[in-house]
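S.K.: The structure's right below; bear with me while I get my questions together.
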Amino acid sequence: MKILIIDDNESLAIMFSRMLELGGHKTIASNDGRNGLALIQKEKFDVIVLDLSMPEFSGYDILDALEKDDMMKDKKIIVLTATAITQEQIDRLKKQGVKDVLKKPIRPDVINEALKNIAGQ
Amino acid sequence: MVNYSTNTLVISTLVLVAVIPILVFGAYSLDDEKKAIERQQLTNLREIVDSQKDKTMIFFNERLADISVTSELPFIRDNIHVLFENDSEKDIQTKESLQSLFRNILNAYNYESIWVVDNDLNAKLIVGRDIADLKPLPSPSSALEQMKVGLYLSDVYTYTDDVVEVFVSVPIVVDDIQLGYLIYDIDTQLFFKATLFELQLSDTGETVVVQKQNDDVFFIKQLRFDDARPLSKPISTDAELAIPALESSSGISGFGFSTDYRGEEILAAWDYVPLTRWGIVAKIDTSEAFASLEQKQRDIIIVIISLTVSAFVAGFVLSRIATNPLMKIRDAATQITKKNYDVAINPTGPAEQKTIAISFNEMAKSLKENQKIIESQIAQLKLTDKQKSEFSTMISHELKTPLSTIIGYSEMLKDPKMGELNKEQEIAIDEIRQSSVSLEHLIGNILTAQKIEQAQLSFNIEKTSVKKLLKQAYNRLLPLMSEKQIEFLTSTEEDIVINIDKEIMMEVFSNLVQNSVDFVPASGGRIEMTGHSKNSDVLFSVIDNGIGIPKKKLRNLFKKYYQIDTSMTRKHGGSGLGLAICKGIIEGFGGKIWVESEEGKRTIIYFTIPKKSGIK
């Protein structure tokens, strides 16, 4: 699968890339929200792994922008979060079209399981 | 504690100070006065009795002398025998002369009647009333019987029309032969009038005259307060009434307090007159005698009442003066309690009150300044605390990101696609991974503890079965068991349903099981998680066969940053937050947590969660 990783932490983004590449996926990493949104709008990805908390332009902003342009329907997005998240927030994200919500730190088996689920859908 | 106001205190003090001396003085003065009045009244009464006694003696002695003289008058002495002889011309003339002479005597001395009787008491001459009118009580014969002894003053008698009389008699002796008696009849009422016995000197004052006849005692003068006729009824001797009358009639004299024939309390003096065999009593009602005393008593009571009233008024005014500034201070203090410090008291009145007001104002001012300082310090502290807390939360989040990278890579390194590792590298990677997981757990605990502290913990309550919950915990915690050789079990029943935040419960089980893993032996360890229905709760437990907890340490077990053995911190990597977090979470759900432990054998942590738990 072709996977876009958007995370402001560069080393984490690289680690995710490596992790997913070990699983046999093709990855592109971006550590800037706006840049990531531009990539989404320009290219087609099988899955987008999106960090919610980023400075300046966060994961929420990207999701809002996509929703505004009615581009959520064909996007398969997994969001990552380091902060605790309430069920309410998870429900809202799922309603926006987010496929899965994973908490950091991410283990290879967890992310692979999530990707497998999305591929099966 | 007795509660009284200054008002009460001042008033009662003044009342006591004013009234007690008056009461004491009044009591002494009244007592003295009473004694003086008593003395004076008795003296007066005794004088009256003495004077009446004298008058009686004088009067009747004169009458005795009169009759004695009359009977010796030459004309009478020479001619009286005629009355006892047969009629003749000359005798009739003599009789008429005698009659005329006796009439003159009767008129001159106001006698009621004068009789000449023979020895058998047959009337030979009657001037005035008929001897037949004399009442048969006591019988005239017995009365006249008494007269045979010579010059004699009789008892008191009465005619049929109740006129009360005393008789004076003398035997008629001619040529040594007793022919009969000469009897003068004296109207006692006239006597009493003539001697002023009847004069009533006051409202209740009275002179009572009594005589004992046979065994009865009669009053012989009309009573002032009783309509009964004299001699009509005897004075009752069994009642304790009219004691002075009874005593005086028996020849006893005396004076003092007593009771009269009406039952009234009286002051009296009494004496006996041997000549007439009368008792004389002079008396006055004590109510009249001591009337001036009662007046004085009333005066004293009026003085006491007016003093009490003035003491009340004075006390009220004084206490007002004294307490007004206190009231002001109290009101101001109340304002200060309400944090209104701008309550300056006007420094007026006496010097002491001014001083207090000034001091109070200074205190209020100083309090205000201090309050300002305290408030700003509290605000500063709150801000600092919040900043610290936010900083700590931020740091914890920041730690998570690099930790993600570390855990990610250490997991990835196990993948053969990354290249084969030698044995030592593999061990090193495992250590990195395990340490990272510990660190992750630790950060999680710190964040949860902060949320509990700030009451910010939010729950995702959902309905789940206890069986599912324990299964999930089992799967999540199973990797921990790889550290040692541990038998890991769960025990529950079907169909227990509970409303709970599963993720938070995972944190609870994770903390408890992690502790158990730390303390079970390297081999032969056993950890069991159970969940059973108990009334409206589910009773969970985590049981291990670890080293146990010393009794004296059980009490502090659920306190933050507490570890059974401080040396464990390094060895097991715990922060000492685990149990405190569990307690915070469980109590947040309305449950309880407690521990049972036997040193060297086992530890059981119990906790309950209400099945329909809501957040407290």
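S.K.: What number of residues in segment A:68-121 are acidic (D, E) and over 15 Å from the mean Cα position of the chain (by Cα)?
M.R.: Residues meeting the conditions: 5.
S.K.: Name the pairs: first residue in segment B:211-224 and under 13 Å from B:D155 (Cβ atoms), second residue among the charged types (D, E, K, R) and in a strand (DSSP E or B), Cβ to Cβ under 6 Å, at least 6 apart or on different chains?
M.R.: Close Cβ pairs (under 6 Å, with a partner that is among the charged types (D, E, K, R) and in a strand (DSSP E or B)) amount to B:Q213/B:D155.
S.K.: Which of the residues that make up segment B:451-496 are in contact with a Ser or Thr (Cβ under 9 Å, 6 or more places away or on another chain) and among the acidic types (D, E)?
M.R.: B:E453, B:E493, B:E494, B:D495
S.K.: Restricting attention to segment A:1-41, and to residues there that are assigned to a strand (DSSP E or B) and in contact (Cβ under 8 Å) with a residue 40 or more places away in the chain, which single residue is nearest to the other protein chains (Cβ to nearest Cβ)?
M.R.: A:I5
S.K.: Here is a further query. For segment A:70-98, enumerate the residues that are free of Cβ contacts under 8 Å to residues at least 24 places away in the same chain and more than 12 Å from every other protein chain (Cβ to nearest Cβ).
M.R.: A:D70, A:D74, A:R92, A:K94, A:K95
S.K.: Looking only at segment B:502-532, count every residue that is of a type in the set (G, A, S) and touching a helix residue (DSSP H, G or I) at 6+ places or on another chain (Cβ under 8 Å) and tell me the total.
M.R.: Total meeting the criteria: 3.
S.K.: Here are some residues: B:I498, B:I407, B:I427. Which one is in contact with a Pro (Cβ under 9 Å, 6 or more places away or on another chain) and more than 14 Å from chain A (Cβ to nearest Cβ)?
M.R.: Only one candidate qualifies: B:I498.
S.K.: Quick test for you: out of B:S392, B:S404, B:S436, pick the one residue that is within 22 Å of B:G584 (Cα to Cα) and outside the structural domain of B:E587 (by TED's automatic domain parsing).
M.R.: B:S392
S.K.: Next up: Could you figure out which of (1) in a loop (DSSP other than H, G, I, E, B); (2) within 20 Å of B:E398 (Cβ to Cβ); (3) away from chain B (no Cβ under 14 Å) isn't true of A:K44?
M.R.: Against the list (1) in a loop (DSSP other than H, G, I, E, B); (2) within 20 Å of B:E398 (Cβ to Cβ); (3) away from chain B (no Cβ under 14 Å), A:K44 comes up short only on (2).
S.K.: Inspect all residues belonging to segment B:368-391 and state whether any of them is closer than 18 Å to B:Q450 by Cβ, within 13 Å of chain A (Cβ to nearest Cβ), in contact (Cβ under 8 Å) with a residue 40 or more places away in the chain and not basic (K, R).
M.R.: Within segment B:368-391, not a single residue is closer than 18 Å to B:Q450 by Cβ, within 13 Å of chain A (Cβ to nearest Cβ), in contact (Cβ under 8 Å) with a residue 40 or more places away in the chain and not basic (K, R).
S.K.: Mind listing whichever residues of segment A:101-121 are at the interface with chain B (Cβ under 8 Å from one of its Cβ atoms) and of a type in the set (A, V, I, L, M)?
M.R.: A:I106 - this is the single residue of segment A:101-121 that is at the interface with chain B (Cβ under 8 Å from one of its Cβ atoms) and of a type in the set (A, V, I, L, M).
S.K.: Given the conditions (1) exposed (fewer than 14 other Cβ atoms within 10 Å of the Cβ); (2) acidic (D, E); (3) facing chain A (nearest Cβ under 8 Å), which single one is not true for B:E440?
M.R.: (1)
S.K.: Answer yes or no as to whether B:E198 is buried (at least 20 other Cβ atoms within 10 Å of the Cβ) and acidic (D, E).
M.R.: no
S.K.: Related question: Taking B:I358 as the residue in question, decide whether it is away from chain A (no Cβ under 14 Å), in contact with a Pro (Cβ under 8 Å, 6 or more places away or on another chain) and modelled with pLDDT of 85 or more.
M.R.: Yes, satisfied.
The values are calculated or read from the model by the stated rules, or taken from the named source; none is laboratory data. Owing to the predicted nature of the structure, the values given are computational and were not obtained by experimental measurement. Every residue, glycine as well, gets a Cβ built from its backbone with ideal geometry; the counts of neighbours run over all protein chains shown.
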